[in-house]
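Below you'll find the structure, written out as structure tokens, and then a few comments.
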Amino acid sequence: MILKKQVYKVDKKVNPLIGILLFFISIFLLTLTLPLGFIYGIFHGLFKKGIVGLSEYLLEIAISIDQLGNVGMQHLLNVLWIKKGGYKFGNRDETISSALGRNNKLGTLTKFGSAIDQLLDLIDKNHSLNSIDYYIEPSAEIIDQLKWIHIVDQKLLAIKPAGNTKYILPGGQKEPKESDVMTLSREIKNELGIILEISSFEHLGIFEARADDNKPTILVRSTCYAAQYTGTLTIMPEVGEIFWLHYKDREKVSEVDKLIFDLLKDSGQLI
């Protein structure tokens, strides 16, 4: 899995003529510069790190080619490899294997797609699942969330919104111009009236599952953090109530939160 440290914003729409022009310019420059740059890159990798440096360089190229293929073949792959309602190929920041892995998890591969996935599995065990990249360009098909994980006496803090039958973990959606810490700190302050201590933030993991109340093609990706806080936990009655959940309450949360429950249970943090 290739983890990217930067989250990109979706580009604004451009004049279609500009897109066509830039395509031909990029092809022209690629034809002129790629052979020279490739040869230099091989010797640079060998000189710096030996065979390891060469391997790293070629892996970077392989991933870039894979990303290009995900864009260039998106319409064909969306027809041949996935069922209706599957996760679409075509995100320019994602590899073919990553999109294949997401559909593997969702069970939306066609017979042809499953055959390709099994072939890759023979070459590299769980290749598509291990290739899922959680740091990809923002997409209309993915709801990007941040969650604060707070456990006391092996019970997990949750909120039951007014008029809702399910519990939710405190947090909010990512903001493109803010860091995770900034967004989550603000959301938790608004929800629970406490101040998260920035220096205590600990990344717990990224979890992804199909959204509960949206179209079947929508996924929810939750990035989870633990952190200490100052203040007193409070919530306005019109917003909801605070609850402390056990693992037995797993069926009362969303699909993505169930994955978080499983991790906390397996690690002995939740009873």
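The values are calculated or read from the model by the stated rules, or taken from the named source; none is laboratory data. From a predicted model like this one, the values you see are computed outputs, not experimental measurements. No Cβ is skipped: glycine too gets one built from the backbone with ideal geometry, and neighbour counts run over all protein chains shown.
Quick one: Asn164 ticks every box in (1) assigned to a loop (DSSP other than H, G, I, E, B); (2) within 15 Å of the chain's Cα centre (by Cα) except a single one, so which number is it? It fails just one condition, (2).
Filtering Leu156, Leu146 for residues that are modelled with pLDDT of 85 or more, under 21 Å from the mean Cα position of the chain (by Cα) and in a strand (DSSP E or B) leaves a single hit, Leu146. Taken as a whole, the structure leaves Lys105 outside the set of residues that are in a loop (DSSP other than H, G, I, E, B) and under 22 Å from the mean Cα position of the chain (by Cα). Filtering segment 214-271 to residues that are outside any helix (DSSP H, G or I), surrounded by fewer than 19 Cβ atoms within 10 Å (Cβ to Cβ) and among the hydroxyl-bearing types (Ser, Thr, Tyr) leaves Thr217, Tyr229, Thr230, Thr232, Thr234, Ser267. Please pick out the residue among Leu77, Leu106 that is without any contact (Cβ under 8 Å) to a residue 60 or more places away in the chain and not β-branched (Val, Ile, Thr). None of the other options fit; the residue is Leu77. Within segment 72-94, not a single residue is more than 22 Å from the chain's Cα centre (by Cα), of a type in the set (Lys, Arg) and on the phi < 0 side of the Ramachandran plot.
Among the residues here, Ile168 qualifies as assigned by TED's automatic domain parsing to the domain that holds Arg221 and in contact with a Ser or Thr (Cβ under 9 Å, 6 or more places away or on another chain).
With respect to the stated conditions, Asp117 is outside the structural domain of Leu204 (by TED's automatic domain parsing) and in a helix (DSSP H, G or I). Of all residues in segment 132-148, none are of a type outside the set (Gly, Ala, Ser) and without any contact (Cβ under 8 Å) to a residue 60 or more places away in the chain.
The residues of segment 196-213 that are modelled with pLDDT of 90 or more, exposed (fewer than 14 other Cβ atoms within 10 Å of the Cβ) and not in a strand (DSSP E or B), listed by number, are Glu197, Ser200.
Being loosely packed, with under 14 Cβ neighbours inside 10 Å, out of contact with any helix residue (DSSP H, G or I) (no Cβ under 9 Å at 6 or more places or on another chain) and charged (D, E, K, R), is that true of even one residue in segment 127-148? Looking through segment 127-148, none of the residues is loosely packed, with under 14 Cβ neighbours inside 10 Å, out of contact with any helix residue (DSSP H, G or I) (no Cβ under 9 Å at 6 or more places or on another chain) and charged (D, E, K, R).
Residues that are within 17 Å of Ile63 (Cα to Cα) and charged (D, E, K, R) were ranked within segment 118-136; the one that is nearest to the chain's Cα centre (by Cα) is Asp133. Within segment 90-98, one or more residues are part of a helix (DSSP H, G or I), outside the structural domain of Glu208 (by TED's automatic domain parsing), in contact with a helix residue (DSSP H, G or I) (Cβ under 9 Å, 6 or more places away or on another chain) and within 17 Å of Glu141 (Cα to Cα). Counting the residues of segment 53-83 that are outside the structural domain of Ala115 (by TED's automatic domain parsing) and of a type in the set (Phe, Trp, Tyr) gives 1.
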